[in-house]
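Accompanying notes for the structure given below.
The values are calculated or read from the model by the stated rules, or taken from the named source; none is laboratory data. Because the structure is a prediction, the values reported are computed rather than measured. For neighbour counting, all protein chains shown are included, and Cβ atoms are generated from backbone atoms with ideal geometry for every residue, glycine included. Side chains are part of the model used for accessible areas, which takes the heavy atoms of the whole protein and leaves out ligands, DNA and RNA. Shrake-Rupley method; radii C 1.70, N 1.55, O 1.52, S 1.80 Å.
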Amino acid sequence: MNNIDRDIDKIQRDYLQALLKKDRKTAMALIEHTVTLGLPPMDIYISIFQKTQYQLGDMWMNGEISVAHEHFATAVTLSAMGVLAPHIFQGRTKGKRFLAFCVSRELHDIGLRMVTDCLALNGWDTIYLGANIPTAKIGDVIKEFKADCIGISVTMANHLDEAKRVISAVKATPENSHVKIIAGGYVFNMVKDLWKKIGAHACAKDAREALEIAEKVMEQP
Amino acid sequence: MTDMPPSELVLTLFRRRIPTVTDTVVSRIVEGNDDLSASGEREIEILPAGIKMTLEMLYNAMSVGEPSILDEQLEWAALRLPVDGVTPKQILARFRIIREVILEEFQPEQSREIVSYVDWMIEKQKNLLHPGESRE
């Protein structure tokens, strides 16, 4: 483990503890400290935010924290991401456009937010629509934004059919037929090749992989 | 059971009838009464949402022809629901009620396609019972 990894590992543990103590101030200060240290934003996303959210999810599952506590922690992490925003949306973009959203009634959007920011960090033009997006008009939004690639996140399996409908509608619209579709979220990590059954072009298990997949999928005809 | 989705007609009918099936299943569980004793009033509040979610999961598994989604969700529920006071044995009993209601609500040729997925859930759930819980 090198010095940067050690720093990040320690900050991650402290960040989790701060969230468990419902200490927003300390949690935010820790993330501000990462900026002072000059730690790479991508590493902060993957090794602090993503890791912490996974741990909190496990704790909720085991009844160690309440749903309210988990929502508090998620809200703090979303604010903490804002601290990094000046470092994310800087520099030149490479002209590829990524649009991200969760389908109707799907509320778990923080993972998709991480994916979107990681793509922005790597030169993509991104638009993040967030959770619970009414999907009837999504085709118009794709056209309006001239998206090259869209990311659809599904955590709960009971939203799969909606995702399948959206993908089918996107593919059936001639103006959007070139758009590449990447699926992601908990349910796809659990069931192998499920993304193929809803018609996506690819699937990514986390933010780092999403970046690789997005670059790769854009090279495909 | 194959991994092929049920027909479009069955999927559409099932989706449309989720609210009705939810109400009937919930009524039957509440009428059975003793099944709720372990978790009390709080469970009566969350029961309709839980049954609706189960039926939606079932619908989604059918719509993509992927019963293993149910497998994964059952494992998830086996870990999570005891935290909310719902035992694996109660879950099994409810799946049997869901099966019963589906057989009543749909034509035999339609219910056959749906019930094959419910039977998958029932068999999987039997393997998730706690030691000492009866499979019957």
Pop the C-beta distance of B:Asp84 and A:Ser177 into the FRET formula with R0 = 41 Å and round what comes out to the nearest 0.05.
-> 0.35
When ligands, DNA and RNA are left out and all protein chains stay put, how many square angstrom of accessible area per residue does segment B:44-136 have with a 1.4 Å probe?
-> 43
Between A:Asp14 and A:Ala85, what length comes free when the chain is fully extended (0.36 nm per residue of separation minus the Cα-Cα distance, one decimal in nm)?
-> 23.4 nm
Out of A:Leu99, A:Leu39, A:Leu112, a Gaussian network model of chain A with alpha-carbon springs under 10 Å gives the largest mean-square fluctuation to A:Leu39
Helix B:68-80: angle to the longest alpha-carbon principal axis of chain B, degrees 0 to 90, nearest 10?
-> 10
Please average, across the residues of A:177-187, the number of beta carbons from any other chain that are within 10 Å of each residue's own beta carbon, and give a whole number.
-> 1
For segment B:54-101 and segment A:162-207, write down the distance between their C-alpha centroids in whole Å.
-> 24
If the chain between A:Ala169 and A:Lys196 were fully extended at 0.36 nm per residue, the gain over the current Cα-Cα distance would be 8.2 nm
Could you state the accessible area per residue of segment A:85-186 in Å², with a 1.4 Å probe and every protein chain left in place?
-> 42
Gyration tensor verdict on segment A:52-130 (Cα atoms; rounded if a/c is under 1.5, prolate if a/b is larger than b/c, oblate otherwise) = prolate
Difference of contour (0.36 nm per residue) and Cα-Cα distance, B:Ile18 to B:Glu109 = 30.9 nm
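Can you work out the FRET efficiency for the pair A:Asn62 and A:Glu212, with r the C-beta to C-beta distance and R0 = 30 Å, to the nearest 0.05?
The calculated FRET efficiency here is 0.40.
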Whose amide H sits under 5 Å from the amide H of A:Ile181, counting only residues 5 or more places off or on another chain, with H placed in the peptide plane?
-> A:Ile150, A:His201, A:Ala202
Relative to the first principal axis of the alpha-carbon coordinates of chain A, what is the inclination of helix A:207-219, with its axis defined by its Cα atoms, in degrees from 0 to 90 and to the nearest 10?
-> 30
Calculate one ³J(HN,Hα) per residue across segment A:115-127 by plugging θ = phi - 60° into the Karplus curve 6.51 cos²θ - 1.76 cosθ + 1.60, and present them in order as whole Hz with x for glycine and proline.
-> 4, 4, 5, 5, 5, 4, 4, 9, x, 7, 7, 10, 10
Which whole number gives the average count of other chain Cβ atoms within 10 Å of the Cβ atoms across peptide B:61-67?
-> 5
In the protein assembly as shown, what percent of the accessible surface is made up of carbon and sulfur (1.4 Å probe, ligands and nucleic acids excluded)?
-> 54
Residues with beta-carbon under 13 Å from that of A:Arg6, excluding A:Arg6: net charge, scoring Lys, Arg +1 and Asp, Glu -1?
-> -3
With charges set only on the Cβ (+1 for Lys and Arg, -1 for Asp and Glu), what does the dipole of chain A come to about its Cα centre, in debye to the nearest 20?
-> 340
Who wins for biggest fluctuation among A:Gly57, A:Gly111, A:Gly199 in a Gaussian network model of chain A, springs between alpha carbons below 10 Å?
-> A:Gly57
Rounded, prolate or oblate: which fits segment A:100-221 when a ≥ b ≥ c are the square roots of the eigenvalues of the alpha-carbon gyration tensor, with rounded for a/c under 1.5 and prolate only if a/b beats b/c?
-> rounded
